[in-house]
1. With a 1.4 Å probe and all protein chains kept in place, how much accessible area does residue 288 have, in Å² rounded to the nearest 10?
2. Give me the percent of the accessible area of the chain that comes from carbon and sulfur atoms, probe 1.4 Å, all protein chains in place.
3. Could you please put 47, 316 in sequence from largest to smallest accessible area, using a 1.4 Å probe?
4. Would you mind counting up the charge near residue 48? Only other residues with Cβ under 10 Å from its Cβ, with Lys and Arg at +1 and Asp and Glu at -1.
5. Quick one: work out Rg over Rh on the C-alpha atoms of the stretch 87-202, Rh as Kirkwood radius.
6. With every atom except the alpha carbons ignored, what do you get for Rg and Dmax of the chain, in angstroms?
7. What residues qualify as long-range amide H neighbours of residue 8, i.e. H under 5 Å apart, gap of 5 or more or another chain, H built at 1.01 Å from N?
8. Given the options 299, 132, 350, which has the most mean-square fluctuation in a GNM of the chain, springs set between C-alpha atoms less than 10 angstrom apart?
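The values are calculated or read from the model by the stated rules, or taken from the named source; none is laboratory data. From a predicted model like this one, the values you see are computed outputs, not experimental measurements. Glycine gets a Cβ as well: all are built from the backbone with ideal geometry, and neighbour counts include every protein chain shown. Surface areas here come from the heavy atoms of the whole protein model, side chains and all, with no ligands, DNA or RNA. Shrake-Rupley method; radii C 1.70, N 1.55, O 1.52, S 1.80 Å.
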Amino acid sequence: MMYDYLIVGSGLFGAVFAQEAKKAGKSVLVLEKRDHIGGNIYTEDVDGISVHKYGAHIFHTNDKRVWDYVNRFVTFNRYTNSPVANYHGELYSLPFNMYTFNKMWGVVTPQQAADKIEEQRKAAGITEPKNLEEQAISLVGTDIYEKLIKGYTKKQWGRECTELPAFIIKRLPVRLTFDNNYFNALYQGIPTEGYTKLIERLLEGIEVKCNTDFLDPLVRKEYEAKTDRILFTGCIDAYFGQKLGPLAYRSVRFETEKLATDNFQGNAVVNYTDGETPYTRIIEHKWFTFGKDEYGNDLKGTVISREYSAEWKNGDEPYYPVNDEKNNSLYAAYEELARQEEKVIFGGRLGRYRYYDMDVIIGEALDLAQKELG
Ligand code: FAD
Ligand code: UDP
């Protein structure tokens, strides 16, 4: 055998595992179907601005082991995510906090905000939330649901809030304090040199072949013969030729442009929460690094990306697994098939069909490394 491990996918999961395997003295080959490494956290430099090509990524975690781990490879700035919601020109603070409640209802104290939410929850008659709509109303009331959640969620998932699992909205904090920090995390930031640098350092000294799709029958035949152990981080249903039927994913189309203005929207992230604007949000990339270059000079011009969410079809990039009941049970059937593939480990967001953030991905890759490599 030529390689102890064949790793399919050079995203964060594959790269962390590759790093650990190499460190343990194993021989490793990484195959990547795109023409670059990094998976969805890939960033590219456009005239000094680090552009998040596959969607905005903000690193946040409460896991000190993971934070210490990534800081061994790159340094992080102190970016704090504070998106703004734009509902037909009305601007609201996110996540839902006292600034949001004050703007929505004119309430001033935490008690007044809590009373308002409770009044709206009661009026809607919700006791045990069964879906995203009921969960949202019970957390923040009907007004916020109608203006800041309903339209955005329908655009993002292409499904009514009544058809979506409650857990999706529980990702967002609800606070009775004046705090626009989007995440409840002890550690947060963006790598000062971009995420691609993190992946480059993780894969330093490791053989990587880009433009190589493992599922191409010829490639698969060639490389399966060279190893006894494969880590597959692509779509689990694609690995099995979708033989039980395709899993559903959401895809995203990014319309990115460079503008001559130095400040387009004054914030890295602005969500368009109405149902009519066709995109979900606009990212202005320079604000992830404070719009300055390494010498503190203001960066000229700006790069923005409009995000359009779409149902995934074969050939598109899969971004989000659709974890509704139907797809979760189809995934469980694929997982059963996966258990019979003794040579193969399935990992990562696509391999496990889960809505994982970066820190969870790193934690899982480290756990896997410990299990596999001792
Ligand atoms: P991926 O990054 O998808 O990597 C998989 C790799 O495998 C890809 O490079 C792919 O090309 C390759 N591959 C697939 N199939 C094959 C094949 N057959 N042959 C060869 N190569 C193959 N997380 C956060 O913590 N904070 C955020 O702010 C955040 N924002 C996000 C925004 C968006 C729009 C999205 C979609 C995700 C976001 N995430 C965020 C989650 C984050 O992107 C993931 O946790 C992380 O990228 C998952 O890494 P991965 O290696 O599992 O998957
Ligand atoms: N959400 C919303 N309005 C917003 C932002 C988020 O309704 O302005 C909902 C939406 O359903 C989304 C979920 O909250 O899918 C989780 O948001 P998050 O920002 O965590 O999504 P991400 O883009 O990180 O996957």
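1. 0
2. Details: 8280 of 17170 Å².
The computed percentage sits at 48.
3. Values: 47 110, 316 50 Å².
Result, largest first: 47, 316.
4. Values: positive: 286, 292, 300; negative: 45, 47, 293, 294.
Once positives and negatives cancel, what remains is -1.
5. On the way: Rg = 16.6 Å, Rh = 15.7 Å.
Rg/Rh: 1.06.
6. 21.8, 69
7. For residue 8, the qualifying residues are 31, 231, 232, 233.
8. Among 299, 132, 350, the largest GNM mean-square fluctuation belongs to 299.
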